[in-house]
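Asks: Below is one structure. I have some questions about it.
Since every read-out is calculated from the coordinates, none of them should be taken as a lab result. Please read all numbers here as calculations on a predicted model, not as lab measurements. Every residue, glycine as well, gets a Cβ built from its backbone with ideal geometry; the counts of neighbours run over all protein chains shown.
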Amino acid sequence: MTVFLDDLMLKKASLPPTSIVIFGGTGDLAETKLYPALLDLYVHGALPNQFRIIGISRKALSPEEYHEFVKKSLEKKISSYEQSVVAQFCQHIEYLAGDFGLASTYSELLSLLKEFDGEVMQCTNKLFYLAVPPQLYSGIFKYLDESGLMRTCDGVLSWARILVEKPFGRDLMTAEILEEELCSRFDEEQIYRIDHYLAKDSIENIIALRFANTILSDSWYNGQVESIAIRLLEKKDVANRGSFYDGVGALRDVGQNHVLQILALLTMTPSDISTVSAIRAARAEVLESLLPPTYVIKGQYKDFTKTIGVASDSLTETYFKIKTELSSSRWSGVPITLEAGKALDKNINEVVVTFRPQVNWQRETEPHVKDHRNVLTMQFSPEQRITLSVWVKKPGFTFALEERVLELIRSEAVDAYSPEAYERVLYDCIAGDQTRFVSGAEVMAAWKFITPLLQTDNIPLFSYEVGAQWSDSLN
Ligand code: BG6
C-alpha cells in the first residue's frame, strides 16, 4: 500500500535510526537535488529521529570543507530556513574521501557505519544512493556486495537498500547485463530504480484524475479516446552537461524513462490501484505492448557541437518525435505521439488527450465547425494546470455551439506541503514503498522500444535553431 507523508509522520517516532550514504557526495545531483531534498525532509520531520548522512567522493576534503559544500548547496533554501536549522542538519553529515574502485573505501565506510550503530546501540538501517555516472555502477554493486555492507547486522530487523539513478544501461543489452548483476547480488526488495518523474506530485495526479473521476474512467479507452500526445519541451540547452549528454542524447535521457513512464501511467490498467506489485505490473504491461513506431524524427539544435564536452561531429539528438500505438485491445488504433527536446521556444511538460467527436450532434446547424471534440490537457510544468475543453450553446437565437475551456490551476488550489520529486524518492525508499520506482521488467520493456531508434544512420538528424518553435519547424 502506498504510504503518505502523514502516515510516516505518525510512524516516525518508531522509525529505526538510518544511515544515508551518497556515492557522488560532491557531484551535481547531490548538490542541486539531494541535499536540498534531505533538508526539506528534515525540516518537515520526515526523516527518522536518529539519522546520519555520509557523502563519499574522491575529493580530499576536510569535514569542515564538506560542510561548506553542503551549506552552499542549501543556500537557495537558507532564505526560507533559519541558519540554525541548517547548522543542526549539518551536524548529521559526515564525509569520506575514497575511490569507488578500491575495497579499502568500503572497509572505511563499514567502520563509519558501525560507529553510528555503536552510538545508537542498535543495527541501523542503511540506504546507499548511487549519484554517480552509470559506468561506475557495476563496481559499486560488486564492492557493496562483497564488503557485506548490504547485509544487515541483525538479519531481518533492519534493512539495507540501494537507490540506482537512470540511465539504467545504454540500450537493451547493457541494461540486461546490469540488471542481471544487480539482481544476482541483491534482493528485489533492496533495489530502488529511480525515475524521478514517477515521484512528481503533478505526474502522480494522472492516477487521481483517471481513477477517481467517473467521467474520465468510463471513457478512458479507444472507443472514446482518439489520440494521446506527451510533450517534454525545454527551453534550456544542455548547459554544462555537454560530455554527459553527448554520450546519451534525448532518447536515452528522457525518452526511455520519463516520457514512457508518463505513457504507462496514462494507459495502465492495474488490477488493484492500491498495491505496489499491481501498479508496477500494469506499467510494465503497457510498455511491453508498445508497437514499433510508425514515424520517428530526431533533431539537434544548432551550436550543440560547440558545447564544451561535445564532439565537433556529434550526431547526438537533442530532440525527438515518435508516433506509435499500443497493441492492447483497450488502446489499439489510438495514435500516440511522444516528443521531447532541448533549446526550444518554450518549457512545457504536458499530456493532451483528445476524445472522439460527438457524432450525434446535428452538424447542419454549424457547417463551419467540423467536429466537436473534448480535449483534456494536463500540464505538469511550468504550471500545474488541467484544462478540459467542452462545447456549450452559444448565446443567441440559433443552436450554434462554442468551445469553452474549464480550467484548474493546481498551484492556486493547493497550499499544503508538496514534496519535491527527490524528497519523495528518498522518503519512499526509507519508508520501503517501491510504487514510484521502476521494476526490472519496465526498464527492459522501455529499452526494447527505444533501442532500435538509437541507430542514427537509420533515422536522419535535422538541425534546428535554438529557440525553435516546436509546433512549426519541427513537425
Ligand atoms: C532529467 C534529464 O532526468 O530530467 C534532464 O537528465 C532533464 O536532461 C530533466 O532536463 C527534466 O526534469 P525536470 O524535473 O526538470 O522536469
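Asks: So what is the relative contact order of the range 119-265, in percent, for Cα pairs below 8 Å that sit 6 or more residues apart?
Replies: Relative CO of the range 119-265 lands at 22 percent.
Asks: Tally Lys/Arg at +1 and Asp/Glu at -1 over every other residue whose Cβ is under 11 Å from the Cβ of Arg193; what's the total?
Replies: So the environment of Arg193 carries a net charge of -2.
Asks: Quick check of the Kirkwood formula: for the range 60-188, what is the inverse mean of 1/r over all pairs of different Cα atoms, in Å?
Replies: When all Cα pairs of the range 60-188 are included, the Kirkwood radius is 16.8 Å.
Asks: Now for a different question. What FRET efficiency would be calculated for the residue pair Ala441, Ala400, taking the C-beta separation as r and a Förster radius of 56 Å, to the nearest 0.05?
Replies: Working from the Cβ atoms, E equals 0.65.
Asks: Is there a quick way to get the dipole size of the range 8-165? I mean about its Cα centre, with the Cβ of Lys and Arg at +1 and of Asp and Glu at -1; what is the value in debye to the nearest 20?
Replies: 400 debye
Asks: Now a separate question. For Glu226, which sequence-distant residues (separation of 5 or more, or a different chain) have an amide H within less than 5 Å of its own amide H, given hydrogens modelled in the peptide plane?
Replies: When sequence neighbours closer than 5 places are left aside, the close amide H contacts are Thr354, Phe355, Arg356.
Asks: Rounded to two decimals, what ratio of Rg to Rh does the chain give with C-alpha atoms and a Kirkwood Rh?
Replies: That ratio equals 1.00.
Asks: Any idea what the relative contact order of the range 198-464 is, in percent, if you count C-alpha pairs under 8 Å spaced at least 6 apart?
Replies: With pairs under 8 Å counted, the relative contact order is 26 percent.
Asks: Starting from the 7 Å offset along Cα-to-Cβ, what nm value, one decimal, do you get for the label separation of Ser62 and Thr32?
Replies: 3.0 nm
Asks: Can you tell me, using C-alpha contacts under 8 Å and at least 6 residues apart, the relative contact order of the chain as a whole percent?
Replies: It rounds to 17 percent for the chain.
Asks: Go through the range 392-403 residue by residue and turn each phi into a ³J(HN,Hα) via Karplus (6.51, -1.76, 1.60, θ = phi - 60°); whole Hz please, and just put x for glycine and proline.
Replies: Each residue's phi maps through the Karplus curve to give 10, 6, 7, x, x, 6, 8, 9, 6, 9, 9, 8 Hz.
Asks: On to the next question. Can you tell me the Rg and the Dmax, both Å, for the Cα atoms in the range 198-464?
Replies: 20.2, 66
Asks: Taking amide H positions as placed 1.01 Å from N in the peptide plane, with prolines and chain starts having none, which residues 5 or more places from Lys126, or on another chain, fall under 5 Å of its amide H?
Replies: Amide H neighbours of Lys126, under 5 Å, 5+ apart: Ser19, Trp159, Ala160, Arg161.
Asks: Continuing with the same structure: Under a Cβ-Cβ cut-off of 15 Å, what is the net charge of the residues other than Gly118 that fall near it, where Lys and Arg count +1 and Asp and Glu count -1?
Replies: Cβ neighbours under 15 Å give a net charge of -2.
Asks: Right, another one. Which FRET efficiency value, to the nearest 0.05, do you get for Glu115 and Cys183 by plugging their Cβ-Cβ distance into 1/(1 + (r/R0)^6) with R0 = 41 Å?
Replies: According to the calculation, E is roughly 0.85.
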